[in-house]
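This report refers to the structure that appears directly beneath it.
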Amino acid sequence: MTPMRIMIIGGGTAGWMAAACLRRFLPESWSIRLVESDAIATVGVGEATIPQIRLFNEALGIDEDEFLTATQGTIKLGIEFSDWMRLGHRYMHAFGAIGRALGLIDFHHYWLRARAAGVAKGLEFYSLNEQAAHARRMQRGVPRTSPYLLEIPYAYHFDAALYAAYLRRRAEAGGVERIEGKVADVRLDGASGNVAGVTLDDGRAFDGDFFIDCSGFRGLLIEGALATGYDDWSRWLLNNRAVAVPCAHGDTPQRPWTGATAREAGWQWRIPLQHRIGNGYVYCSDHISDDEAERTLLANLDGPAQAEVNRLRFTSGKRRQHWNRNVVALGLASGFMEPLESTSIHLIQAGISRLIKMLPAGVADPAVAAEFNRQSDFEWERIRDFIILHFKATTRTDTQYWRDRAAVEVPDTLAAKIDLFRAQGLIFREHEELFTESGWLQVLVGQGVEPRRWHPLADGIGDTELAQYLAGISLMIDREVAQMESYDAFLAATRPAGVAA
């Protein structure tokens, strides 16, 4: 097989994730070049992740403690949503299972019946992750106290710029060539219409066989050169701007979760790292001015701001093709959805994984690109639906923004999920969609969507057995959490001796 010349246009998190992973798995005879400019700043808001990032790091042979130290990383057990259903209400989308299935049906059907009978606690008491998070405890490995509990699934908060730098060091050590410079022109092959190469602003020209566009919102190749087109989702996802700023830690103890607090015209993220807290306010410019959004953000920080506020504008949606001719777009070049469920870095990871599975041997067959795009579209659309759910299912009417969000007509795919859950508490994960049944359950319940009935098989045990079943699960979780070490001690143990946060 003839070796391929792969060119990655743009660095940042997306570019260096792609470079490190491709160099790890592709034959040494394939060349990998990455073009980026130190003069172009990266967006760098993707600091919260979901558990799949651990698979990516493990595939690269990354030591977890080394990674956490290099990126000022912390552990994440879920996302806490404050003021979403109504003011003063909180719930958590925690990673991992809720309860323990019994027989042929999921736990939550028994919980629905027990709640109606007044013998059930809140859903959060049946989540190992949420109970550990609120107790500020953590452990790695198999549970110590019960064979019926599963290992705690967790993700990370980290500094995206430090993560990109960490991956760059690994990629360059493996043979990736970094080229400093700005792309001034993209050259197309006159016969095929494929991208043939790029010319930098200093006149240097570089050719390639296959290109990965990680150039951010600009999409220099996928849009600038190939005019792929963009699916605009702003009719469902109204937010179109964000302001972001890091701040110092205040007096609040470290929290092993991402914070998402609903505001007057959007929502604010809180991402605790070892050395700082990342903050941002995602909002709709039709409902609040940029200056007012900035004032709101700065008024709700844990400590002093550590930089100037960064202002971002975006249109929610995706490229009509993630793979067009001999170009695959990753990261912001492929599209953007607000990071409410921490999916930005996951979508990069998923795109890289999909590309490796379908990597062309020579000229890419259109059938391969079509399948890549079909799978990508499915994943993006299901994540889109999950994000919309948080805004659609709300009882808030205190501002016009929230009244508008509740009135939005949702995609048919989301409407069907909501209707099915309301009808009989049914949740089904279709194909390989990202969010599991337990994820949908926590958000549906947390946002106040109530089923009219539960599965009839949940009536198959008596009231006493039902109460004992739920109490036993809660007791198992409490025992496991009680023997975990404190979250602060856990984090300290990940750092080399003598290294402070």
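The values are calculated or read from the model by the stated rules, or taken from the named source; none is laboratory data. What you are looking at is a predicted structure, and each value in this text was computed from that prediction instead of being measured. Neighbour counts run over all protein chains shown; Cβ positions are idealised from the backbone, glycine included.
Considering (1) in contact with a Lys or Arg (Cβ under 9 Å, 6 or more places away or on another chain); (2) touching a residue at least 24 places away in the same chain (Cβ under 8 Å), the lone condition that residue 212 does not fulfil carries the number (1).
Applying a threshold of 8 Å to beta carbon distances and a minimum spacing of six or more residues, or different chains, the list of pairs starting in region 1-16 at a residue that is free of Cβ contacts under 8 Å to residues at least 60 places away in the same chain and ending at one that is part of a loop (DSSP other than H, G, I, E, B) reads 3/27; 3/29; 3/30.
Among the residues of region 29-76, the one identified as assigned to a helix (DSSP H, G or I), hydrophobic (A, V, I, L, M, F, W, C), more than 17 Å from residue 349 (Cβ to Cβ) and touching a Lys or Arg at 6+ places or on another chain (Cβ under 8 Å) is 68.
Is it the case that region 410-417 has a residue that's of a type in the set (S, T, N, Q), closer than 25 Å to residue 353 by Cβ, within 24 Å of the chain's Cα centre (by Cα) and buried (at least 18 other Cβ atoms within 10 Å of the Cβ)? No, region 410-417 has no match at all. Beta carbons closer than 6 Å, at least 6 apart along the sequence or on distinct chains, pair a first residue in region 75-86 that is surrounded by fewer than 24 Cβ atoms within 10 Å (Cβ to Cβ) with a second that is aromatic (Phe, Trp, Tyr) for 75/154; 80/257. Checking region 8-19 against the condition returns a match, with at least one residue being part of a loop (DSSP other than H, G, I, E, B) and surrounded by 22 or more Cβ atoms within 10 Å (Cβ to Cβ).
Here's a check for you: in region 339-378, which residue that is in a helix (DSSP H, G or I) and small (Gly, Ala, Ser) is surrounded by the most Cβ atoms within 10 Å (Cβ to Cβ)? Among those residues, the one meeting the criterion is 351. So for region 203-212 (the condition being surrounded by 17 or more Cβ atoms within 10 Å (Cβ to Cβ), within 23 Å of the chain's Cα centre (by Cα), assigned by TED's automatic domain parsing to the domain that holds residue 333 and of a type outside the set (Asp, Glu)), does at least one residue qualify? Scanning region 203-212, I find at least one residue that is surrounded by 17 or more Cβ atoms within 10 Å (Cβ to Cβ), within 23 Å of the chain's Cα centre (by Cα), assigned by TED's automatic domain parsing to the domain that holds residue 333 and of a type outside the set (Asp, Glu), so the answer is yes.
Might you let me know whether region 188-202 holds any residue that is outside any loop (DSSP other than H, G, I, E, B), under 30 Å from residue 278 (Cβ atoms), of a type in the set (Ser, Thr, Tyr) and over 20 Å from the mean Cα position of the chain (by Cα)? Checking region 188-202: not a single residue is outside any loop (DSSP other than H, G, I, E, B), under 30 Å from residue 278 (Cβ atoms), of a type in the set (Ser, Thr, Tyr) and over 20 Å from the mean Cα position of the chain (by Cα). Among the residues of region 243-265, those identified as assigned to a strand (DSSP E or B) and touching a helix residue (DSSP H, G or I) at 6+ places or on another chain (Cβ under 7 Å) are 243, 245, 263. Restricted to region 141-172, and to residues there that are among the basic types (Lys, Arg) and either touching a residue at least 60 places away in the same chain (Cβ under 8 Å) or in a strand (DSSP E or B) (or both), the residue that is nearest to residue 107 (Cα to Cα) is 144.
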